[in-house]
Amino acid sequence: MVALYVLLDGFDLGAGAVHFLVARTEEERRQVIASIGPVWDGNEVWLLAAGGTLYFAFPALYASSFSGFYLPLMMVLWLLILRGTSIEFRNHIKSPIWIPFWDFFFSISSLLLAIFFGAALANVVRGVPLDQSGYFFEPLWTNFRLGDQIGILDWYTILVGVQALLVLMMHGSLWLQWKTNGALNQRAARLAGWCWWGVLVLTALVTAITFSIQPQASLNFKTWPLGYILPVIAIAGLAGVQIELRRKNERDAFLSSCAYLLGMLTSVVFGVYPMVLPARNPIYSLTVHNAKAGDYGLKVGLAWWLIGMALAAFYFTHVYRSFAGKVSVDSTSHG
Amino acid sequence: MGLGLLIVILKSIALRTGDEHFSRAARFWAKIFGINFAIGVVTGIPMEFQFGTNWAEFSKAAGGVIGQTLAMEGVFSFFLESTFLGLFLYGEKKLGRVGHWWAAFLVFVGSWLSGYFIVATDAWMQHPVGYQLGAHHEIELTSFWGLLLNKWALWQYAHTMLGAVQTGCFVMAAVGAFYILSHRDPFYGRTFLKIGVLVGALAALLQLSPSGDMQGKMITQYQPTTLAAMEGLFESQDGAPLAILGQPNVAKRTLDNPLVVPNMLSFLTYKKWTAHVQGLNDFPEDQWPDKIELLYFSYHVMVGLGTMFIAIMVLSAFLLWRKKLFEARWMLWVIMLSVPLPYIANTAGWLTAELGRQPWLIYGLMRTAHGFSPRVNAGNAWFTLIGFMGLYTVLAILWLFLVYREIEIGPEPEARPAAEALDPSVAA
């Protein structure tokens, strides 16, 4: 569910982050908003549905991680509020004050969300100071130096945050290339190409660093070499982006980016399994086994969850089909 | 949620009669609905997260149960609402008349379903069912349908949704009254008034009985301390009076300046004028809600306003039936000025429910004092509370501004001139 969230809302956030870079005129800015307007809310629901599912399936993990990551979570909430209201209210008043105001908040909140989500993932991978109570409270930052003084924002998490930002900028630009035409389309394609190089470099760097700070990853890949298929998907996806960009296959470029994201996220989960929230002191880690809810609840939950996912798949295909093709900005559109 | 229902009604009439007037009316209200929905979404998300951030001990213990209803809200309602909202707000041309009706209907269904899951969550906290205690103090779900069909949930849902419907009706009727009183859009004004008043009168009556009455009876049976506190009944007695007015004096265990109806509380709770009703003195003080005065006043504000709503709506409906409503300027003024009141009544109602449940977080199972996040200190909590207060104040001002603007702009102009539109010989 989280992977789907990143794939879907990722391109909304990416579009926001690149908003001012690719769209120069009012018309183009409306096109950016129109390309995500009808779908951003549904995309964001994956985050809420994932959070709710986490709650009932792994209540101890939900309680521990949400209270431990208190301040950054609250900031994420505020950014989500800013992002949502910017998209929805931007087009209500045709004024040279109103529109640029909301464009700014749309862009900055999308950009910061991308960094925060990357940092959040990095925290999970790196591990947090859980103790025997099953709780932790991590300082927002310490000193950003290499070493043991970790913080929610430190050198490692910010590095991954920057990687996440570049990845989502690439992802969002590829979406915009697919959904728009003209100068906007071309600028989006070029930006996607530049971001690609950053993504390549940072993926290599961050992967190397991650293996050295999270020993479970190497252990898991050695024990179950079949797991290597996941990073292979990621690499194939990344290569695919470059290839399809050059061939100007807009849809396939975007789908390759989706493959990269999917491969990366599943690799992370594979790397920390069976932990769901690693602890700096490994005996206190929260795992799939010690954080889960009772069996009855899990069984019943799985049953309705499968039905729900089937319905959601149906809705999403329906909505994306309805709004397929390049955006045109007229009075009836989200613009 | 209330407006969602009214929009479906407008679109149904449009589809049935083919009269474009109702389609235009629906389109106007859709704009306001869109603004409400956006603010609703962004302010609703923090609620899902706050169980974990600020109430971690509660979440760890009860997540296996209430996580189910919260997750179902996300998986079933939110996907449905958000998918069809875009189509409803921006897809009318693409979908055609029937398709667009379905979009409106599915948004309405999604939002009402969402309401059910949330109410079921609160209902379980008020009246826990379908669970057992696990080995490490966690609460395990044992009955999925028990959770979903909790008797408390069914009545609380009816009561909550009727409150939402009344809010929608008052707003629609008030805008109608405004358009008539300010001599603009009289044709739309009459439509909004008619629908707002007819649906509102029905909702106001059902709010009192059976939904309000049944809630009261359940509180009597399962939360007797709450009943005593909210009614200001300090002493157990047969033939207990109903306090209409009076300031609770908790130190002296009495009501100052009471205005009471003798025996009424006994009748309302047990259907017998002489029934024995337990007062606060029957329960140990550590089981009393800790904010008795606020609880008492929230409850009385809610009931007082609810009674006013019945009076306003039923009287307006009567005047409508006698074809006198549109000329009764005094009544139109009352309706128009009443617009903030349902918001206050709904808030007062939720305060009653939540303050009434104190000192329990999960009634009888976990006290509020034991449910908070042990690692989040007061400094952090204040920081984020102030942050939210600031952000929400800005959102509220934004909301008022945008909604007022839409009301000012008004619906699309009618095809025919206004004078002809008001001619009683022309079918309305």
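With neighbours defined as other Cβ atoms within 10 Å of a residue's Cβ, the residues A:I213, A:I233 order from fewest to most as A:I213, A:I233. Ellipsoid fit via the Cα gyration tensor, region B:1-132: semi-axes of 35, 14, 11 Å, each the root of five times an eigenvalue, largest first. Under 15 Å of direct C-alpha separation, and excluding same-chain neighbours fewer than eight residues apart, A:K326 reaches these aspartates and glutamates: A:E27, A:E28, A:E250. Ignoring aspartates and glutamates fewer than eight residues from B:K272 along the same chain, the ones with Cα atoms less than 19 angstrom from its Cα are B:D213, B:E231, B:E235, B:D238. Shape class for region B:134-256: oblate, because the ratio a/c of the largest to smallest gyration tensor axis (alpha-carbon atoms, square roots of eigenvalues) is 1.5 or more and b/c is at least a/b.
Overall shape of region B:208-301 was characterised from the C-alpha gyration tensor. The equivalent ellipsoid obtained from it has semi-axes of 18, 14, 14 Å, in decreasing order. Loop-located trypsin sites (Lys or Arg not before Pro) in region A:1-101 (DSSP state other than H, G, I, E, B) with a sparse environment of at most 14 neighbouring Cβ atoms within 10 Å: A:R24, A:K94.
Just round it to a whole percent: the fraction of Cα-Cα distances in chain B exceeding 39 Å. When every Cα pair of chain B is considered, 27 percent fall beyond 39 Å. Computed from Cα atoms, the angle from the helix B:151-181 axis to the main principal axis of chain B rounds to 40 degrees. When the C-alpha to C-alpha distance is required to be over 28 Å, the pairs from B:K60/B:K151; A:K222/A:K292; A:K179/B:K94; A:K222/A:K248; A:K179/B:K11 that qualify are A:K222/A:K248; A:K179/B:K11.
Using every alpha carbon pair in region B:1-72, what percent of pairs falls into each 10 Å bin from 0 up to the bin containing the largest distance? Histogram of Cα-Cα distances, whole percents per bin: 18, 30, 20, 19, 12, 2. Stokes-Einstein diffusion for the protein assembly as shown at 20 °C, viscosity 1.002 mPa s, with a Kirkwood radius from C-alpha pairs, works out to 76 µm²/s. Averaged over the residues of B:399-409, the number of partner chain Cβ atoms lying within 10 Å of the residue Cβ comes to 1. In units of the rule-of-thumb radius 2.2 N^0.38 Å, region B:268-414 shows an alpha carbon radius of gyration of 1.51.
Between the amide H of B:S373 and those of B:W55, B:A56, B:E57, distances stay under 5 Å, these residues lying 5 or more places away or on another chain, with hydrogens modeled in the peptide plane. Please list, by residue number, every one of the chymotrypsin sites (Phe, Trp or Tyr not before Pro) in region A:104-183 that is coil in DSSP and has at most 14 other beta-carbon atoms within 10 Å. Those satisfying the criteria are A:F144.
Rounded to whole numbers, the Karplus 3J(HN,Hα) couplings from phi for region B:51-59 are 4, x, 5, 9, 10, 5, 5, 4, 5 Hz, using 6.51 cos²θ - 1.76 cosθ + 1.60 with θ = phi - 60°, and x at Gly and Pro.
So which aspartates and glutamates pass the test for B:K194, namely a Cα distance under 15 Å, with those fewer than 8 places away in the same chain ruled out? Cross-link targets: B:D185, B:E327. Database remark: amide H of B:L361 closer than 5 angstrom to the amide H of B:M366, B:R367, B:T368 (H placed geometrically; neighbours at sequence offset of 5 or more, or on other chains; Pro and chain starts carry no H).
Normalised by the number of residues in chain A, the mean separation of alpha-carbon contacts (under 8 Å, six or more apart) gives a relative contact order of 25 percent. Across every pair of non-identical alpha carbons in region A:194-312, the mean reciprocal distance, once inverted, gives a Kirkwood radius of 16.7 Å.
Taking trypsin sites (Lys or Arg not before Pro) across region B:77-142, none is in a DSSP loop with at most 16 further Cβ atoms lying within 10 angstrom of its Cβ. Over all distinct Cα-Cα pairs of region A:179-258, the Kirkwood formula returns a hydrodynamic radius of 14.3 Å. Taken over the C-alpha atoms, region B:359-406 has Rg and Dmax values of 17.1, 48 angstrom. Taken as entire DSSP H runs, the helices of chain A that both span 18 Å or more between Cα atoms along their own long axis and average 1.6 or more on the Kyte-Doolittle scale are A:2-22.
Sorted fewest first by neighbouring Cβ atoms within 10 angstrom, B:S23, B:S182 come out as B:S182, B:S23.
Taking Rh as the Kirkwood radius computed over C-alpha pairs, what is the Stokes-Einstein D of region B:78-200 at 20 °C in a medium of viscosity 1.002 mPa s, expressed in µm² per second? This corresponds to a translational diffusion coefficient of 123 µm²/s.
Relative to the longest principal axis of the Cα atoms of chain B, the long axis of helix B:79-90 lies at roughly 20 degrees. Principal semi-axes of the equivalent ellipsoid, √(5λ) from the alpha carbon gyration tensor of region A:1-111, are 30, 14, 11 Å from largest down.
Kirkwood radius, chain A, all distinct C-alpha pairs, inverse of mean reciprocal distance: 20.8 Å. Temperature 37 °C, viscosity 0.692 mPa s: under these conditions the Stokes-Einstein estimate for region A:114-161, based on its Kirkwood radius over C-alpha pairs, is 304 µm² per second. Proximity of backbone amide H atoms, modeled 1.01 Å from N, is registered between B:V260 and B:I244 at under 5 Å, excluding neighbours fewer than 5 places apart on the same chain. Summing charges over neighbours of A:D12, with a neighbour being any other residue whose Cβ is under 11 Å away from its Cβ, gives -2 when K and R count +1 and D and E count -1. For chain A, a Gaussian network of Cα nodes joined below 10 Å ranks A:S67, A:S173, A:S267 by mean-square fluctuation, and the top entry is A:S67.
Read the figures in this text as sums done on the coordinates, not as results from a lab. Since the structure is predicted, the reported quantities are computational estimates derived from the model, not experimental observations. Please note: Cβ atoms are built from the backbone with ideal geometry, for glycine as well, and neighbour counts cover all protein chains shown.
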